[in-house]
Amino acid sequence: MTVRRLRTSFPAILIAVAFLAAGCRATPPSSETVPVLVSPAPSPGFPSAEKTVVPAAPSDEAADNEIARVIAISVDGLNPRAIQKLGRSRTPAIHRLMREGAYTLNARTIREQTRTLPNHTAMFTGRRVEGQRGGHGYTENVDNGTTIHQAAGHYVASVFDVVHDNGGSTAMFAAKIKFNLYKRTWNAHGGPDRAGRNDGRANIDRFTIDVNNTRLVAKLTAELRRSPREFTFVHLSLPDRAGHAHGFMRKEYLDAVEQTDRLLGRILDTVADRPGLHRHTLVLLTTDHGGDGATHYAADKLKNYRIPFMAWGPGIPAGRDLYALNPTFRSPGTSRTNYRGKQPIRNADLANVVTDALDLPRVPGSEFNSPRSLNLFR
């Protein structure tokens, strides 16, 4: 896959100019050294950064070559049973993703927890929770005022680092105040930019929190119309709020899923109505947990750990089951699964699905989908 949007430093430009000038001479001196352009080395501040390499470029017919932008959407507390119960008539946008894209309603959260912040942190970092086993280490479901790095005991890279450091622009639109944890972690305490020109430590270029989901989506769609970024993450909270207040799968919860579907429809329509955007944008949808009764905290309950994962965009085969496309992943049935052997598709695969689609290096230190073997395309 071809790496896009890599920034070039001024010294590199001078070398390139010198090279071109040398090439214009009829018979250059035999002692003249031919300059070689070398890709920037990965940041030594990242764990496992020495293993991070820019993917080699295959043929121009790679299925995801059209992808220049990714919009990843997490619908907090979206239980797959709600999608099935409401059906196409009440959740037309979600069913559009299923009809026109590839999907599964039997993906998994991370094994250790079915809570919001540990799972979203896994989505961004591609790591499990357990810090002693290479995980991100953040176990709390509140913003405790620290950072992910402090929880892990070292710098934890994210998908925002990779996109930003390779010249892309990033954004997060979230509907819960506790997502300020991520602004503190990857902006105020972000890692140094060591790829190309130094753009500073802030890795999330636009960070917006609005607890009003309708207003949040209006801000998002305005940006998509004006100047879409290479990577945009969107968090919507209505189903989770209704589930805690009234019970998951109760009428109020199902109404909240239906309302969220209308907001998703606005996002999809914004993308589809702009040919330039539609031709180059991958939309992903997943969640942090399901729900059972009025909670989702028991990580060993199927209703909590079974979640959807969907992909929609150019090159995605219509109506295909993601497990059928990915024989190296194992459909888990009703089991909770561990981290040994063939894995189910997980929400934590998201980070490296994004880096793969954008032809960028994998997230340093990541575990899930680190080989980038999860195939969304034909």
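The values are calculated or read from the model by the stated rules, or taken from the named source; none is laboratory data. Since we're looking at a predicted model, the values are computed, not measured. Here the Cβ is made from the backbone with ideal geometry for all residues, glycine too, and neighbour counts use every protein chain on show.
Please work out if residue 180 is touching a residue at least 24 places away in the same chain (Cβ under 8 Å), in contact with an Asp or Glu (Cβ under 7 Å, 6 or more places away or on another chain) and within 18 Å of residue 234 (Cα to Cα).
Working: touching a residue at least 24 places away in the same chain (Cβ under 8 Å): yes; in contact with an Asp or Glu (Cβ under 7 Å, 6 or more places away or on another chain): yes; within 18 Å of residue 234 (Cα to Cα): yes.
Yes, satisfied.
Quick one: count up the residues across region 111-133 that are over 16 Å from residue 157 (Cβ atoms), over 15 Å from the mean Cα position of the chain (by Cα) and not polar (S, T, N, Q).
Counting residues in region 111-133 that are over 16 Å from residue 157 (Cβ atoms), over 15 Å from the mean Cα position of the chain (by Cα) and not polar (S, T, N, Q) gives 6.
Quickly run through region 315-370 and pick out the residues that are over 17 Å from residue 135 (Cβ atoms), of a type in the set (Val, Ile, Thr), part of a loop (DSSP other than H, G, I, E, B) and in contact with a helix residue (DSSP H, G or I) (Cβ under 9 Å, 6 or more places away or on another chain).
Within region 315-370, 316, 334, 345 qualify.
Between 225, 194, 229, 215, which is touching a residue at least 40 places away in the same chain (Cβ under 8 Å), more than 19 Å from residue 118 (Cβ to Cβ) and outside any loop (DSSP other than H, G, I, E, B)?
On the way: 194 fails: outside any loop (DSSP other than H, G, I, E, B); 229 fails: outside any loop (DSSP other than H, G, I, E, B); 215 fails: touching a residue at least 40 places away in the same chain (Cβ under 8 Å).
Exactly one of 225, 194, 229, 215 is touching a residue at least 40 places away in the same chain (Cβ under 8 Å), more than 19 Å from residue 118 (Cβ to Cβ) and outside any loop (DSSP other than H, G, I, E, B), namely 225.
Would it be correct to say that residue 197 is modelled with pLDDT of 95 or more, farther than 30 Å from residue 339 by Cβ and over 17 Å from the mean Cα position of the chain (by Cα)?
Numbers: modelled with pLDDT of 95 or more: no; farther than 30 Å from residue 339 by Cβ: yes; over 17 Å from the mean Cα position of the chain (by Cα): yes.
Answer is no for this residue.
For region 79-93, name all the residues that are touching a Gly at 6+ places or on another chain (Cβ under 9 Å), under 16 Å from residue 242 (Cβ atoms) and in a helix (DSSP H, G or I). First the steps, then the outcome.
In the first step, residues of region 79-93 are kept if they are touching a Gly at 6+ places or on another chain (Cβ under 9 Å); the result is 79-82, 92-93.
Next, only the ones that are under 16 Å from residue 242 (Cβ atoms) stay: 79, 81-82.
Across region 79-93, the qualifying residues are 81, 82.
Could you please find all residues in region 252-307 being hydroxyl-bearing (Ser, Thr, Tyr) and either free of Cβ contacts under 8 Å to residues at least 24 places away in the same chain or part of a helix (DSSP H, G or I) (or both)?
Across region 252-307, the qualifying residues are 253, 260, 270, 305.
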